[in-house]
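**Student:** The structure's right below; bear with me while I get my questions together.
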């Protein structure tokens, strides 16, 4: 249930911050600065419509469609927008491709910039001081905590999102997936693999 | 500003802890703060850089121990007060005591989808040629403005290489102070990990930052 639709007046169970936010919304609404139904729609958009499933489609298409892959490398904004994934915090996109030589990792040390249009809202760890402080100075240690040991033969490239450019990691396509179609491949793509804190698990060969 | 938000390279925060099957919001108030903040953007009283500056102006010790949406609530409340849209008495009571100030518009539910999908592109027309070219070596400036900037402390006065030329974008150092967009060239600059963090770092690793022309000088 959404906060503004609560009808009871018993606020005794509310925390201080819940009470403050409720008072704020009520005030802003009374003054005509916001329409609570619009706030509902915004929340619902990020709960239901925009999430990592968008990015997974981009990745699966990059794996299966050579022309799309080339377009994504050349102009990720246009290539991603062409799938309908426009929207805020995705206005300017760059796709970075993991390879046998390079592993890419995305962070925003100054705030929490994140490609909302393709990944939805960022997880708490992405927004929190441990990740923001450490991803740039010791990415290998951070990745190890995510269970990823990157061999020293592989270069790590960290992208600190300091401007309005948003980065999407295109993970490597796992082996034994030649028979899978785009939508099946998209199911394999995890959010963390598109941030760079995971790779995609190998698929067991078909027996 | 050298505030609590400029976290790159700090130590002592501990391990990165991932919550399994994390929801978008841990309480309803978090969802409302996200929605309110976005909806208030339509009022046209401030821009995204002023929003970021409002958040990073939080006292550093408070910033570092506050949750993301607590920081958002702090930022948006201060912006509302600064622009005379609400006062402390109203915030405490949740009831208006002063008439509303004029705003550009109120975001209506039927316009949410269009507004979110349109976003707010930051690129602008190129009025003059780029000052730097791909592959060029540059050195970042060593300024410490008290106002908004997007050149983190860890990357000041460091040598890097232009790895992408993005075009002309709104300059947050100006926009964040409400002094206009002052669009200028934006580049991706690549720094060796050892340049930023010392010789013991793996020489093959690098960090890229997206930096505007005023942050850079040719390293000749």
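**Student:** If you take just the helices (runs of 4 or more DSSP H) that sit entirely in the range B:107-220, which of them hold at least 1 residues that are touching a strand residue (DSSP E or B) at 6+ places or on another chain (Cβ under 7 Å) and within 30 Å of residue A:120 (Cα to Cα)?
**Tutor:** Passing ranges, in order: B:193-197.
**Student:** Another one. If you check residue B:95 against the conditions, is it more than 7 Å from chain A (Cβ to nearest Cβ) and at pLDDT 95 or above?
**Tutor:** Working: more than 7 Å from chain A (Cβ to nearest Cβ): no; at pLDDT 95 or above: yes.
The answer is no for residue B:95.
**Student:** Which of the numbered conditions does residue B:56 fail, given that it passes all the others? Conditions: (1) in contact with a helix residue (DSSP H, G or I) (Cβ under 6 Å, 6 or more places away or on another chain); (2) under 30 Å from residue B:23 (Cα atoms); (3) at the interface with chain A (Cβ under 9 Å from one of its Cβ atoms).
**Tutor:** (1)
For every residue, the table says whether it meets (1) over 17 Å from residue A:58 (Cα atoms); (2) touching a residue at least 24 places away in the same chain (Cβ under 8 Å); (3) more than 10 Å from every other protein chain (Cβ to nearest Cβ); (4) more than 19 Å from the chain's Cα centre (by Cα).
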| position | (1), (2), (3), (4) |
| --- | --- |
| A:124 | yes, no, no, no |
| A:135 | yes, yes, no, no |
| A:152 | yes, no, no, yes |
| A:158 | yes, yes, no, no |
| A:174 | no, yes, yes, yes |
| A:179 | yes, yes, yes, yes |
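**Student:** List the pairs whose first member sits in the range B:70-89 and is more than 8 Å from chain A (Cβ to nearest Cβ) and at negative phi, whose second member is part of a helix (DSSP H, G or I) and modelled with pLDDT of 95 or more, and whose Cβ atoms are under 6 Å apart, counting only residues at least 6 apart or on separate chains?
**Tutor:** Hits for this filter: B:71/B:55; B:72/B:33; B:72/B:37; B:75/B:54; B:75/B:55; B:76/B:37; B:78/B:54; B:79/B:54.
**Student:** Further question: Could we say that residue B:157 is more than 12 Å from chain A (Cβ to nearest Cβ) and either surrounded by fewer than 15 Cβ atoms within 10 Å (Cβ to Cβ) or within 17 Å of residue A:108 (Cβ to Cβ) (or both) here?
**Tutor:** Answer is yes for this residue.
**Student:** Go over the candidates A:203, A:142 one by one and state the one that is touching a residue at least 24 places away in the same chain (Cβ under 8 Å), in contact with a helix residue (DSSP H, G or I) (Cβ under 6 Å, 6 or more places away or on another chain) and either closer than 22 Å to residue B:192 by Cα or not assigned by TED's automatic domain parsing to the domain that holds residue A:56 (or both).
**Tutor:** Details: A:203 fails: in contact with a helix residue (DSSP H, G or I) (Cβ under 6 Å, 6 or more places away or on another chain).
One residue alone meets the criteria, A:142.
**Student:** If you don't mind, there's one more thing I want to ask. Looking at residue B:52, is it in contact (Cβ under 8 Å) with a residue 60 or more places away in the chain, part of a helix (DSSP H, G or I) and surrounded by 15 or more Cβ atoms within 10 Å (Cβ to Cβ)?
**Tutor:** Numbers: in contact (Cβ under 8 Å) with a residue 60 or more places away in the chain: yes; part of a helix (DSSP H, G or I): yes; surrounded by 15 or more Cβ atoms within 10 Å (Cβ to Cβ): yes.
Against the criterion (in contact (Cβ under 8 Å) with a residue 60 or more places away in the chain, part of a helix (DSSP H, G or I) and surrounded by 15 or more Cβ atoms within 10 Å (Cβ to Cβ)), residue B:52 qualifies.
**Student:** Continuing with the same structure: Run residue A:130 past the list (1) surrounded by fewer than 23 Cβ atoms within 10 Å (Cβ to Cβ); (2) assigned to a helix (DSSP H, G or I); (3) more than 7 Å from chain B (Cβ to nearest Cβ) and report the number of the one that doesn't hold.
**Tutor:** The one condition residue A:130 does not meet is (3).
**Student:** I'm told residue B:127 meets every condition in (1) surrounded by 13 or more Cβ atoms within 10 Å (Cβ to Cβ); (2) farther than 28 Å from residue A:128 by Cα except one. Can you identify the failing condition by its number?
**Tutor:** Going through the list (1) surrounded by 13 or more Cβ atoms within 10 Å (Cβ to Cβ); (2) farther than 28 Å from residue A:128 by Cα, residue B:127 breaks only (1).
**Student:** Sort out which residues of the range A:174-202 are part of a loop (DSSP other than H, G, I, E, B) and closer than 25 Å to residue A:145 by Cβ, and write them in order of number. Give the steps one after another, and end with the answer.
**Tutor:** The first filter runs over the range A:174-202 and keeps only residues part of a loop (DSSP other than H, G, I, E, B), leaving A:174-181, A:189-190, A:196-202.
A:174, A:189, A:190, A:196, A:197, A:198, A:199, A:200, A:201, A:202 - these are the residues of the range A:174-202 that are part of a loop (DSSP other than H, G, I, E, B) and closer than 25 Å to residue A:145 by Cβ.
**Student:** Of the residues B:63, B:69, B:154, which is under 18 Å from residue B:40 (Cβ atoms) and within 21 Å of the chain's Cα centre (by Cα)? Break it down into steps so the answer makes sense when it comes.
**Tutor:** Working: B:63 fails: under 18 Å from residue B:40 (Cβ atoms); B:154 fails: under 18 Å from residue B:40 (Cβ atoms).
One residue alone meets the criteria, B:69.
The values are calculated or read from the model by the stated rules, or taken from the named source; none is laboratory data. Just so it is clear, the structure is predicted and the values come from calculations on it, not from any experiment. Positions of Cβ are backbone-derived with ideal geometry, glycine not excepted, and every protein chain shown enters the neighbour counts.
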